[in-house]
Amino acid sequence: MLMVAADPRDTARASRLLKAQLGAGAEVYIRRLVWPGPAEKIADARLQYRSDDQLWSYMWWSEEWKRWQFCYGIDVAPGPVQVPTIEINFAARQIDRYLTGRVLVDEAGNTYLAHKGELKGGRTGVVDARSFEQQVNGFSKQQALWPNGKVERLFVIGAIGQLGFTKRLGAFVSEAQRLRGLAREGRLADHVPQGPTYKQGYVGKTSGTRSAEYEIDRWHDLIVDELHRELKRRGLCTFTSEHKEMKPDLYSLTKDGKLRHLFEIKTNQDTSTLYTAIGQLVVYGAAQARPPRRFLVVENPVEDLNFQKALANHQIAVVNFRREGRKRISFPGLDQHSRTWSSS
């Protein structure tokens, strides 16, 4: 699982990598940078525009707030004034969830940029987190672990400094602009899906130099997608959208809209991850008179006796997945649960 960077050296490194990658080969435009609210405007901002990615950026360090501030947009205004589409700011020391930007790290030391998925900014089009997640195209949330053990779901944009990152960032900013436009026109609610939905995750590859080749935790989205398809083949329709203000990885519903099957997918099995998974499975659907059938989806059998006992006590079945090549997932033993697909 990706970790929220606790070391200020990681956030400083992320800012340097961003500045270097966004500036490489970029055209420079001088504009007056403005945004809603009383904050000080920037008279002669040097916007860096990457035409191939349809992305402009501007970065500065706020000594007052002790944070790195990054403004982004997709088109440079022809006139003297520029309004950002989105800010993805992150604190030098990430200790709370106030800002929308996050710097994440993995076990190999790679650095990622992530975003909460909400758009502020008054008249420029406010989009709340739920609407953003429901309507954004090409992006889905992944779990990231805070140093205190709390898990946060974030849009992981990509590995900073690696091939394809700026194009992926440009796509995210473009989606932000599209959603702001809908919000300004008062048409955001018209595009909210009605009822439970399934959104395919992002499973593209990211190349790196540290370990030759690696992937973000794109395995998670890939496993969700493959499990959704396998269950559909067996006659079970599953969803990923929010349910009762909660966001299970995958679930099915009864005819009266209650959780029927609940799947929590984890790509590693360290102690902290298993604690989190069991907690999520127990809490989701706990308010129902009849609890859902609960499934923990992990790569290997759970061998720890304490966890085995906890799973049995809470009637949580284990489904194992197998990685076969880069983009192939199988679920040996899935059919042993087939009687639950047809029973209510």
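Is it the case that some residue within region 324-338 is in contact with a Lys or Arg (Cβ under 8 Å, 6 or more places away or on another chain), more than 24 Å from LEU236 (Cα to Cα) and surrounded by 11 or more Cβ atoms within 10 Å (Cβ to Cβ)? There is at least one residue in region 324-338 that is in contact with a Lys or Arg (Cβ under 8 Å, 6 or more places away or on another chain), more than 24 Å from LEU236 (Cα to Cα) and surrounded by 11 or more Cβ atoms within 10 Å (Cβ to Cβ). For region 164-211, the candidate set comprises residues that are of a type in the set (Phe, Trp, Tyr) and modelled with pLDDT of 90 or more; within that set, the residue that is nearest to ARG328 (Cα to Cα) is PHE165.
If only residues of region 50-69 that are in contact with a helix residue (DSSP H, G or I) (Cβ under 8 Å, 6 or more places away or on another chain) and in a strand (DSSP E or B) are counted, the one that is most open to solvent (accessible area, probe 1.4 Å) is TRP61. Restricting attention to region 94-142, the residues being touching a helix residue (DSSP H, G or I) at 6+ places or on another chain (Cβ under 8 Å), hydroxyl-bearing (Ser, Thr, Tyr) and either over 27 Å from ASP225 (Cβ atoms) or not in a loop (DSSP other than H, G, I, E, B) (or both) number 3.
May I ask you to say which residue of LEU47, LEU22 is in contact (Cβ under 8 Å) with a residue 60 or more places away in the chain, in contact with a strand residue (DSSP E or B) (Cβ under 6 Å, 6 or more places away or on another chain), surrounded by 18 or more Cβ atoms within 10 Å (Cβ to Cβ) and outside any loop (DSSP other than H, G, I, E, B)? Can you show your working first?
Numbers: LEU47 fails: in contact (Cβ under 8 Å) with a residue 60 or more places away in the chain.
Result: LEU22 is the single residue among LEU47, LEU22 that is in contact (Cβ under 8 Å) with a residue 60 or more places away in the chain, in contact with a strand residue (DSSP E or B) (Cβ under 6 Å, 6 or more places away or on another chain), surrounded by 18 or more Cβ atoms within 10 Å (Cβ to Cβ) and outside any loop (DSSP other than H, G, I, E, B).
For region 292-303, the set of residues classified as farther than 14 Å from PRO248 by Cα and either in contact (Cβ under 8 Å) with a residue 12 or more places away in the chain or of a type in the set (Lys, Arg) (or both) consists of VAL298, GLU299, ASN300, PRO301, VAL302, listed by residue number.
Among the residues of region 257-268, is any charged (D, E, K, R) and closer than 27 Å to MET3 by Cβ? Yes, there is a match, as at least one residue in region 257-268 is charged (D, E, K, R) and closer than 27 Å to MET3 by Cβ.
With basic (Lys, Arg), in contact with a Ser or Thr (Cβ under 9 Å, 6 or more places away or on another chain), open to solvent by 40 Å² or more (accessible area, probe 1.4 Å) and over 22 Å from ARG32 (Cβ atoms) as the only criterion, which of ARG93, ARG97 stands out? Walk me through it before giving the result.
Values: ARG97 fails: in contact with a Ser or Thr (Cβ under 9 Å, 6 or more places away or on another chain).
None of the other options fit; the residue is ARG93.
Against the definition (within 12 Å of PHE295 (Cβ to Cβ) and either surrounded by fewer than 17 Cβ atoms within 10 Å (Cβ to Cβ) or of a type in the set (A, V, I, L, M) (or both)), how does LEU274 come out, yes or no? Lay out the reasoning, then the answer.
Numbers: within 12 Å of PHE295 (Cβ to Cβ): no; either surrounded by fewer than 17 Cβ atoms within 10 Å (Cβ to Cβ) or of a type in the set (A, V, I, L, M) (or both): yes.
Considered against the rule, which asks whether it is within 12 Å of PHE295 (Cβ to Cβ) and either surrounded by fewer than 17 Cβ atoms within 10 Å (Cβ to Cβ) or of a type in the set (A, V, I, L, M) (or both), LEU274 comes out as no.
Under 6 Å by Cβ, and 6 or more places apart or on different chains, what pairs join a residue from region 100-115 that is closer than 20 Å to ASN268 by Cβ with one that is of a type in the set (A, V, I, L, M, F, W, C) and surrounded by fewer than 20 Cβ atoms within 10 Å (Cβ to Cβ)? Final answer for the pair search is VAL105/MET3.
Applying the criterion of being of a type in the set (Val, Ile, Thr) and closer than 20 Å to GLU87 by Cβ to the residues of region 136-163, the residue that is modelled with the lowest pLDDT is VAL136.
Results for (1) open to solvent by less than 30 Å² (accessible area, probe 1.4 Å); (2) in a strand (DSSP E or B); (3) touching a Lys or Arg at 6+ places or on another chain (Cβ under 8 Å), shown as yes or no for each residue.
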site	(1), (2), (3)
LEU222	yes, no, yes
LEU227	yes, no, no
GLY235	no, no, no
LYS255	no, no, no
LEU262	yes, yes, yes
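The values are calculated or read from the model by the stated rules, or taken from the named source; none is laboratory data. Since the model is a prediction, treat every value here as computed from it, not as a measurement. Every residue, glycine among them, receives a Cβ derived from its backbone with ideal geometry; neighbour counts consider all protein chains shown. Note: areas computed on protein heavy atoms with side chains; ligands, DNA, RNA excluded. Shrake-Rupley method; radii C 1.70, N 1.55, O 1.52, S 1.80 Å.
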